[in-house]
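Trainee: Please see the structure below; I have some questions.
The values are calculated or read from the model by the stated rules, or taken from the named source; none is laboratory data. Quantities reported herein were computed from a predicted structural model and do not represent experimental measurements. Virtual Cβ from ideal backbone geometry, glycine too; neighbours counted across all protein chains shown.
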Amino acid sequence: MRSCLLLAATLLLAPLVLAGTQQAPEITDGTNDVQPDSAAGVCTARGAPEIDVVRAWFDPGPDVVSVSVEVVDLSHRAFDGEGFSLDVGFHSGTDAFTLWNALGPGPADNFSALFVDHADGTSEGHAIRWSTSGNVVTAEIPRAYLPGSALTHVRASGRLSQPGVLGFYVVGMPWFCDTAPDVGYGQDVPLG
Ligand SMILES: [Ca+2]
Ligand SMILES: [Ca+2]
């Protein structure tokens, strides 16, 4: 009887899905660890706190999975015209996903998109609802895009492009990058 009561109490206390939170994130990272991401890069980013990832967490809801990335200072801009993105990569089922939260100097440069690479070699992209609050970017990924019962291989990164006449993310431009965690992956995210 006692063991049954303990089991019942455990089941009552255990949530069906353990959602990540800002206080208990699936991904954590150090600060002041932004690195040049190009052999040709000239280090002028001065710390780049806008791409210095601190933590990221996943909150699975019935219709969407909210994905949040927090940096040291989202409002910081080192130079006019530069753009940056706060990205999250993960797997679900046999698909590989990249959530790309782009924050550029103009309204058209600010968007969130989810890119999906299927196991059969095909790929697709979706526009994603997103918002910012303080130093946190949060995107809402519809559950319908996620075929698996969990998110695995979760990582976050911040990437900064330097100002230039060629625009954003051109191969060969100096880049700066922070990956979170520095090595390996964060905790898997059960979707329930
Ligand atoms: Ca960091
Ligand atoms: Ca890092």
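Trainee: Which of the residues that make up segment 162-192 are surrounded by fewer than 17 Cβ atoms within 10 Å (Cβ to Cβ), in contact with a Phe, Trp or Tyr (Cβ under 6 Å, 6 or more places away or on another chain) and at pLDDT 95 or above?
Mentor: Within segment 162-192, none qualify.
Trainee: Follow-up. Does Ala48 satisfy the criteria of being within 16 Å of ligand 1 (Cβ to nearest atom), at pLDDT below 90 and over 13 Å from the mean Cα position of the chain (by Cα)?
Mentor: Here the answer is yes, as Ala48 does meet what is asked.
Trainee: Right, next: Among the listed residues Gly125, Gly158, which satisfies the condition of being buried (at least 17 other Cβ atoms within 10 Å of the Cβ) and among the small types (Gly, Ala, Ser)?
Mentor: One residue alone meets the criteria, Gly158.
Trainee: Can you tell which of Val64, Val116 is without any contact (Cβ under 8 Å) to a residue 40 or more places away in the chain and more than 16 Å from Ala180 (Cβ to Cβ)?
Mentor: It is Val116.
Trainee: Out of all the residues in segment 138-161, is one or more touching a Phe, Trp or Tyr at 6+ places or on another chain (Cβ under 6 Å), at pLDDT 95 or above and more than 30 Å from His76 (Cβ to Cβ)?
Mentor: no
Trainee: Now for a different question. Filter segment 130-158 for residues that are at positive phi and in a loop (DSSP other than H, G, I, E, B) and give the result.
Mentor: If the condition is that a residue be at positive phi and in a loop (DSSP other than H, G, I, E, B), then Gly134 is the only one that fits.
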